[in-house]
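The values are calculated or read from the model by the stated rules, or taken from the named source; none is laboratory data. Quick caveat, the model's predicted, so the values are computed rather than measured. Please note: Cβ atoms are built from the backbone with ideal geometry, for glycine as well, and neighbour counts cover all protein chains shown.
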Amino acid sequence: MKKHEAESVTMIVSDPKTGGVLGMVNLPDFNPSDPREQRTQEEFDAITRNFSVNDAYEPGSTFKIVTVSSAIEEGVVSEHDHFFCPGYIMVNGVRINCVNRSGHGDQSLGDVLRNSCNVGTIMIAQRLGADRFNEYVKSYLFGQKTGIDLPGETTGIVFNKDSMTPVDLATSSIGQAQTVSPVQMMNAINTISNGGVMNPLHLGEKATLLDVNGNLTERVLNESEEKEIISRNTADRMLKLLYGVVGGNDRSAGYIEDIAVYGKTGTAQKIIKDENGKQKYSDDEFISSFIGGAPYQDPKVTVLVIINNPKDAIYGNVVAAPWAKEIILEMDKYLSLK
């Protein structure tokens with residue numbers, strides 16, 4: 001956090017096969033013996049919230065894993081398809097720019113993810129259509145509580161399919177105009193990492209508690225049932241594509257030579273209030289993130305890193321991916337990821 005002079009940092013590490021949380025960190029943290037430590041009430045309220053569960057954010061390009069996996073599952077896109085990006089796309093008279101204003105040109109599906117191309121992703125979402133897109137958004141548990149065994153879970157805000165306009169479909173497909181929680185994003189990457197089957201994120205299976213009468217009782221903490229969201233074929237194809245983004249690309253900051261890392265970065269403009277109290281996108285405040293795991297052939301660990309408003313750089317590949325790399329290298333000591 002100090003390196004990037006960020007407002008806050010959130011990291012989650014999990015077992016994609018079980019949905020078990022291996023680690024969850026929110027910074028800045030506090031001393032439990034003296035939590036206020038000369039903080040204002042606003043600062044105190046902020047540090048005592050668990051951003052992973054209690055708050056929502058616009059995920060930016062990390063959400064493209066949901067759009068593309070849904071389209072592959074529905075058979076409207078394949079690795080052999082090509083998409084031309086001139087640097088922008090017009091949707092109902094609204095110009096939506098790509099991250100590369102001069103355009104990516106002709107791209108394969110793998111290129112669309114590797115280049116984080118907004119134009120290509122929107123074209124994919126248009127093939128999928130609003131109804132099917134929304135069905136998968138809900139299947140992935142966005143816009144609803146996931147049931148994690150932690151208090152104060154937020155639902156985030158997603159579009160209703162009946163009110164979704166073509167522009168809404170376009171922007172939400174690239175991770176804008178909808179909000180999600182970190183826990184929801186972890187469920188998405190875990191589903192892809194577990195052959196298309198979701199085991200919702202949780203801290204424990206059961207706990208032994210002492211009741212008021214001094215008797216020991218067992219309480220089940222994880223009552224969620226696994227659910228198939230996409231097929232194993234789609235999940236395997238997505239993992240290969242995401243490996244091409246990171247593990248098959250030594251230019252990626254998340255690349256590790258001996259470990260097949262897969263993933264996707266995101267860089268999202270923060271929503272702030274103007275002088276009149278109205279919400280708008282900031283021109284200089286961003287949320288940088290990375291979501292992924294390793295190894296892509298048999299995923300054993302998944303990682304989400306969110307850097308809130310870094311000052312020295314903004315792009316997820318520059319800011320968040322190196323920290324995900326460090327986490328995966330550390331987890332290799334315990335899980336043998338090579």
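Do you know which residues across region 303-338 are part of a helix (DSSP H, G or I), touching a residue at least 60 places away in the same chain (Cβ under 8 Å), under 25 Å from ASP15 (Cβ atoms) and not basic (Lys, Arg)? Passing the criteria: GLY316, ALA321, PRO322, TRP323, ALA324, ILE327, ILE328, LEU329, MET331, ASP332.
Each residue in region 314-338 was checked for being among the charged types (D, E, K, R) and at pLDDT below 95, and 1 of them qualify.
Of the numbered criteria (1) at pLDDT 65 or above; (2) not in a helix (DSSP H, G or I), the one ALA71 fails is (2). Using the structure shown, decide if SER102 is more than 20 Å from the chain's Cα centre (by Cα), among the small types (Gly, Ala, Ser) and more than 25 Å from ASP236 (Cβ to Cβ). Yes. In region 130-147, the residues that are free of Cβ contacts under 8 Å to residues at least 40 places away in the same chain and farther than 16 Å from ASN199 by Cβ reach residues that are in a helix (DSSP H, G or I) and of a type outside the set (Lys, Arg) with C-beta atoms within less than 8 angstrom, at least six apart or across chains, in these pairs: ALA130/PRO166; ALA130/ASP168; ALA130/LEU169; GLY143/VAL137. VAL77 versus (1) at pLDDT below 95; (2) in a loop (DSSP other than H, G, I, E, B); (3) within 30 Å of ASN118 (Cα to Cα); (4) not aromatic (Phe, Trp, Tyr): which is the lone unmet condition? In the conditions (1) at pLDDT below 95; (2) in a loop (DSSP other than H, G, I, E, B); (3) within 30 Å of ASN118 (Cα to Cα); (4) not aromatic (Phe, Trp, Tyr), VAL77 misses (1) alone.
Counting only helices (runs of 4 or more DSSP H) that fall entirely inside region 95-210 and contain at least 1 residues that are surrounded by fewer than 22 Cβ atoms within 10 Å (Cβ to Cβ), the qualifying elements are 109-114, 118-128, 130-139, 166-173. Screening region 224-280 for residues that are more than 20 Å from the chain's Cα centre (by Cα) and aliphatic (A, V, I, L, M) and picking the one that is surrounded by the fewest Cβ atoms within 10 Å (Cβ to Cβ) gives ILE272.
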